[in-house]
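Peer 1: Questions regarding the structure given below will be posed in turn.
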Amino acid sequence: MQSLRELYRIGVGPSSSHTMAPGRAAEIFLKKNPDFNTCKVTLYGSLAATGKGHFTDRAIFDVLGKDRTQILWRKDIVLPFHTNAVKFEAFDQTGELIDTQVFYSVGGGALMQEGQAPFEEVYRFKTFSEIVAWAEDQGRPLWAIVFDREGEEMRQYLHSVWERMQQSVHNGLNNEDVLPGGLRLARKANSFYKKAKAQRFDLARTGLISAYSLAVSEENAAGGIVVTAPTCGSCGVLAGVLYYLKSHQDFSDREIINALATAGLIGNTVKQNASISGAEVGCQGEIGVACAMASGAVAQLFGGTVSQIEYAAEIGLEHFLGLTCDPVMGLVQIPCIERNAIAANRAVTAAEYALYTDGRHRVSFDDVVKAMRQTGHDLPDLYKETAEGGLAMIVEK
């Protein structure tokens, strides 16, 4: 498994795979070809199908310059390695091709190139069952593995992640403007927050969690700075839940950071054994995994055993199996923003359910990850971030 730095990325929304990663690819290309005269960029598969709604072109133009960059949209072509592919071609003043680079956006802002060496493995574990076995054998909490493997400097990095998550909530709560894009969708976080604050505390939980999750998701949709957890499209789930727990359940920053470490192990397991790319496995890989991460974090914060934490994560993912990725107009708005709020509330419910049990359960988290991978493989392509099926087609009609 990779470092949690590769899972929790701080960057600009609205999409880790369609905005953040193509922007990084353009930066790598520019560094190698600083003196190119003109550039042709070809987007393939899902990058082309929903790239305009995800501001992929804007991310590339911001790096390479719009005046000397041409973008071609080839949603009809899917390259074998991954559906999210982008090819950069640099030309000199005579029009001669001087360099070609192909990148694949494999989810969560990560990039790969064909023939590239595998990512550095920081954790020797392959499955979550192995992580659970280590914790039980050592008599230590799950989060201890992170700081054992990555050192105490990872605590500082997770602190910066937590600071950004909180700032995203603050920014989202204090912005009531309409979101960019053709849907003219109004922000809801501020309204939810005001209505929730007016209720008795015992009735306000759903509204508060929703408000915080919506705040982050709306910031993402507006192109603000967020943390992938595990993606930009699902960034509001874990952030919203943790903000609620700190603000209304009095958990300390240190406890929250430990919970982030455990949530990261859950997300890393899916990234290792399946996918967190909506273009590859549908929204179950984004919202479903985010819910699993948040469920495990909540169970840990409320004193759950290692088995109860694993059970909470299993519940969080299991009940999102088969979730399609069908963004209306290719924007990370409908149904994406609403899904963040629903998944955040469901994460708390999943953790509570697991905590009511003794932690024993028939279906392991690893089993659900396998099922998610197979389900994603079986889903028709039009339900995997193409905006050509499901809700996207019904609403646009």
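Peer 1: Can you work out D for region 238-295 in µm² s⁻¹ from Stokes-Einstein, where Rh is the Kirkwood radius over C-alpha pairs, the temperature is 4 °C and the viscosity is 1.567 mPa s? Don't skip to the answer; put the middle values down first.
Peer 2: On the way: Rh = 12.0 Å.
Approximately 108 µm²/s, per Stokes-Einstein.
Peer 1: Helix-only mean residue ellipticity at 222 nm, the chain, DSSP H runs n ≥ 4 weighted -39,500 (n - 2.57), per residue, nearest 500. What is it? Each step should come with its number before you reach the end.
Peer 2: Numbers: 16 runs with 206 residues, N = 397.
Counting only the DSSP helices, I get -16500 deg cm²/dmol.
Peer 1: Going Cα to Cα from K194, which lysines come in below 30 Å? Please leave out same-chain ones fewer than 8 positions away.
Peer 2: Straight-line reach from K194, under 30 Å: K246.
Peer 1: Skip the ligands, DNA and RNA, and give the accessible area per residue of the chain with a 1.4 Å probe, whole Å². Intermediate results must be reported in sequence, preceding the final value.
Peer 2: Working: 16140 Å² over 397 residues.
Result: 41 Å² of accessible area for each residue.
Peer 1: Give me the one-decimal nm value for the distance between modelled label points at I98 and E121, 7 Å along each residue's Cα-to-Cβ direction.
Peer 2: Rounded to a tenth, the inter-label distance reads 4.1 nm.
Peer 1: Hey, another quick one. How large is ³J(HN,Hα) for each residue in region 216-233, as worked out from phi by the Karplus curve 6.51 cos²θ - 1.76 cosθ + 1.60 (θ = phi - 60°), to whole Hz, x for Gly and Pro?
Peer 2: Working through the residues one at a time gives 5, 5, 6, 4, 4, 4, 8, x, x, 8, 9, 10, 5, 8, x, 10, 5, x Hz.
Peer 1: Restricting to bridges with both residues inside the chain, how much of the DSSP beta-bridge set is antiparallel, in percent to the nearest 5?
Peer 2: Around 75 percent of the beta bridges assigned by DSSP in the chain are antiparallel ones.
Peer 1: Moving on to the next point. Return the unpartnered cysteines for the chain, using a Cβ-Cβ cut-off of under 4.7 Å.
Peer 2: If one checks each Cβ against the other cysteines of the chain, C39, C232, C235, C291, C336 turn up with nothing under 4.7 Å.
Peer 1: Using DSSP loop states and a limit of at most 16 other Cβ atoms within 10 Å to flag GluC sites (Glu not before Pro), what is the longest stretch of the chain containing no flagged site? Each step should come with its number before you reach the end.
Peer 2: On the way: sites that count: E96, E114, E120, E121, E152, E176.
Between the exposed loop sites, the longest stretch runs 177-397.
Peer 1: Over the chain, what percent of the accessible surface lies on carbon and sulfur atoms, probe 1.4 Å? Spell out each step's value before the answer.
Peer 2: Details: 7990 of 16140 Å².
Exposed carbon and sulfur together represent 50 percent of the surface.
Peer 1: What does the charge count near T38 come to, summing +1 for each Lys or Arg and -1 for each Asp or Glu among other residues with Cβ under 13 Å from its Cβ? If you can, show how the numbers build up before the last one.
Peer 2: Values: positive: K40, K66, R68; negative: D35, D67, E89, D92, E96, D99.
In short, -3.
Peer 1: What percent does the relative contact order of the chain come to when contacts are Cα pairs within less than 8 Å and at least six residues apart?
Peer 2: Values: 840 pairs, mean separation 74.5, N = 397.
Normalised by residue count, the contact order of the chain is 19 percent.
Peer 1: Further question on the same structure: Compute the Kirkwood hydrodynamic radius of region 261-339, taking the inverse of the mean of 1/r over all pairs of distinct Cα atoms, and give it in Å to one decimal. Spell out each step's value before the answer.
Peer 2: Working: mean 1/r = 0.0780 Å⁻¹.
The answer is 12.8 Å.
Peer 1: What length, rounded to one decimal in nm, is gained on full extension from R140 through to Q2, with 0.36 nm per residue of separation minus their alpha-carbon distance?
Peer 2: The R140-Q2 span can extend by a further 47.6 nm.
Peer 1: Can you give the translational diffusion coefficient of the chain in µm²/s, computed by Stokes-Einstein from the Kirkwood radius over Cα pairs at 37 °C and 0.692 mPa s?
Peer 2: Translational D for this selection: 156 µm²/s.
Peer 1: Pairs of Cα atoms under 8 Å, at least six residues apart: use those to get the relative contact order of region 132-199, whole percent.
Peer 2: 16
Peer 1: Given a 10 angstrom Cα cut-off, can you work out which residue in A279, A186, A371 is the most mobile in a GNM of the chain?
Peer 2: So, out of A279, A186, A371, the one fluctuating most is A186.
Peer 1: Then there is this: Output the Kirkwood hydrodynamic radius of region 220-369, Cα pairs only, in Å rounded to one decimal. Intermediate results must be reported in sequence, preceding the final value.
Peer 2: Numbers: mean 1/r = 0.0669 Å⁻¹.
Evaluated over region 220-369, this radius sits at 14.9 Å.
The values are calculated or read from the model by the stated rules, or taken from the named source; none is laboratory data. From a predicted model like this one, the values you see are computed outputs, not experimental measurements. Note that each Cβ is placed from the backbone with ideal geometry, even for glycine, and that neighbours are counted across all protein chains shown. For the accessible areas, the whole protein counts, side chains as well, though only heavy atoms, and no ligand, DNA or RNA atoms are used. Shrake-Rupley method; radii C 1.70, N 1.55, O 1.52, S 1.80 Å.
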